[in-house]
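Following: one structure in structure tokens, then a few remarks.
What follows is calculated from the coordinates using simple rules that are stated; it is not laboratory data. Just so we're clear, the structure is a prediction, and the values are computed from it rather than from any experiment. Cβ coordinates were reconstructed from backbone atoms using ideal geometry, including for glycine residues, and neighbour counts include every protein chain displayed.
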Amino acid sequence: MSAVIIGRGGVFQPLWIPLQLESVCAGFPSPAQDYVEQVLDLNQLCVQRPAATFFVRVRGDSMLEAGICPGDILVVDRSLEAVSGDTVVASLDNDFTVKELQLKPAPRLLPRNRRYPVIEVRAEQELEIFGVVVGVVRQMRRG
């Protein structure tokens, strides 16, 4: 899985979109109760630190079991310190990738698709963490 940077965060005019307060049931349908609306700005929802945020489009399927699909847009925060278990955008020997970071007992980049091997980071390799993935935006209807 690789990643292509498609934009950087910044300060944007809010775009308020109606938000239904009633959640939708993913199991059996339930009768609607309250249809009280508020508004939601997707920038505020997705971007906590605009100056440190960028968006990147995913290419490849090595993170499917983490809920990251080809074509998804990742919201990446460069200000967060990556810890083990974080999904990160990293550069290993100048190749960008999106993987789960494991720091102990040794640094490794873990795919979340059993078809791909774990990437062991050798001492002579250069690993740079560009940011921690904090959100995923997906178009449900592609094409």
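If Lys and Arg each add +1 and Asp and Glu each add -1, what is the summed charge of the other residues whose beta carbon sits under 14 Å from the beta carbon of Phe12?
Details: positive: Arg8, Arg49; negative: Asp41.
So the surrounding residues net to +1.
Each distinct pair of alpha carbons in region 46-143 adds a 1/r term; the inverse of their mean, the Kirkwood radius, is 13.8 Å. Counted by Cβ distance under 13 Å from Val118, the other residues give a net charge of +4, where Lys and Arg count +1 and Asp and Glu count -1.
Output the relative contact order of region 34-143, whole-number percent, from Cα pairs under 8 angstrom with separation of 6+ residues.
Working: 201 pairs, mean separation 30.1, N = 110.
Once normalised by length, the contact order is 27 percent.
Summing +1 for each Lys or Arg and -1 for each Asp or Glu among the other residues whose beta-carbon sits under 10 angstrom from that of Ala106 gives +2.
Residues within the reach of a label modelled at Arg78 (point 7 angstrom out along Cα to beta-carbon, backbone nitrogen below 11 Å), restricted to region 39-56, are 51-55.
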